[in-house]
Amino acid sequence: MQLKEVVPLGRTLTEYTAMFSLNKTDLNKNILDCGGGPSSFNYEMKMQNKEVITIDPLYQFSKEDIEKRIDETFDDVMTQAKANKDDYIWKNIKNVEELAETRMTAMKLFLNDFETGINEKRYINTALPYLPFKNKEFDLALSSHFLFLYSDMLSLDFHISAVDEMLRVAREVRIFPLLDLNTDKSCHVEEIIKIFKEKEMHVSIETVNYEFQRGGNQLMRICKN
């Protein structure tokens, strides 16, 4: 990973709860967040004495380098969001100003927690499809805005390997959203459903109470029957 290629964006516990349809029981589970980037989910969960480990290759960089990259990219991201505001659903987030506040708040909380989280091994520099964890070490593995979203860059084989690995370390996997970067349903969704049903997994598509990308209000849940 080259930091100059990264556009950091953070999401909050409130967003995670809605995106992944996390109830009180879910939030008390041992959770692995795959590709969490500069989100505040881990920190906010820690403040509630709950367990989350977040992985991302972003964590190979220093706090100062990540903060600098956020400063370099944030205004451009918000300018693009404003220019393309008709492409989004302003329901969970009401407008571009709230979007900017939400993203920056999440990233500031993350930055303030980052070095402590690294030392506590809550933030780990690694990436799918290979995870340095034991079998069934987690109850729940989450993937937000990574699998399916980058379908033009990540092959079906990559998706299969990533989901297999998440299922190795966790009893249940949830992926959100099911769209690619063009806001079309990912070309890999139906194949993943078919392949993991053939592996005797329970696979379901569920509508959630969160939509920002137009049409992006569904998650995939995969677990053993």
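General remarks:
- The range 24-57 and the range 103-164: distance between their alpha carbon centers, rounded to Å: 10
- Over 29 Å (Cα to Cα) - which of K94/K121; K136/K194; K82/K121; K85/K121; K108/K197; K136/K199 fall in this group: K94/K121; K82/K121; K85/K121; K108/K197
- Positive-end extreme of charge dipole, the range 16-92 - chosen from F41, A83, T25 (charges on Cβ): T25
- In the chain, the calculated helix contribution to ellipticity at 222 nm averages -12000 deg cm²/dmol per residue, counting -39,500 (n - 2.57) for every DSSP H run with n ≥ 4.
- Relative contact order of the chain: 24 percent, from C-alpha pairs under 8 Å at least 6 residues apart in sequence.
- 3J(HN,Hα) along the range 118-125, derived from phi through the Karplus expression 6.51 cos²θ - 1.76 cosθ + 1.60 where θ = phi - 60°, amounts to 4, 5, 8, 6, 8, 10, 10, 7 Hz, with x in place of Gly and Pro.
- For R11, nonlocal amide neighbours, meaning residues 5 or more places apart or on other chains whose placed amide H falls under 5 Å from its own, are S39, S40, F41.
- Ranking L111, P132, L99 by Cα position along the charge dipole of the range 95-145, where only Lys, Arg, Asp and Glu carry charges on their C-beta atoms, puts P132 farthest toward the positive end.
- For the range 22-64, size of Cβ-based charge dipole, Lys and Arg +1, Asp and Glu -1, in debye: 160
- Here the 3J(HN,Hα) profile of the range 155-163, calculated from phi with Karplus coefficients 6.51, -1.76 and 1.60 at θ = phi - 60°, is 6, 4, 4, 4, 4, 4, 4, 5, 5 Hz, Gly and Pro shown as x.
- For E211, residues with placed amide H under 5 Å, excluding near neighbours: N92
- Heavy-atom accessible area per residue - the range 86-225, 1.4 Å, Å²: 50
- Exposure ranking of K199, K108, K134 by accessible area [1.4 Å probe, largest first]: K134, K108, K199
- Point-charge dipole on Cβ atoms (K/R +1, D/E -1) for the chain, about Cα centre, debye to 20: 720
- Mean Cα-pair separation over length for the range 1-88, i.e. relative contact order, pairs under 8 Å, 6 or more apart, %: 34
- Translational diffusion of the range 136-187, µm² s⁻¹ [Kirkwood Rh, Cα pairs; Stokes-Einstein; 25 °C; 0.890 mPa s]: 218
- Expressed as a whole percent, the accessible surface of the range 1-90 that belongs to carbon and sulfur atoms is 43, based on a 1.4 Å probe.
- Kirkwood's formula applied to the C-alpha pairs of the chain gives a hydrodynamic radius of 17.8 angstrom.
The values are calculated or read from the model by the stated rules, or taken from the named source; none is laboratory data. All values reported here derive from a predicted model rather than from experimental measurement. Cβ atoms come from the backbone with ideal geometry, glycine included; neighbour counts cover every protein chain shown. With ligands, DNA and RNA removed, areas are computed over all heavy atoms of the protein, side chains included. Shrake-Rupley method; radii C 1.70, N 1.55, O 1.52, S 1.80 Å.
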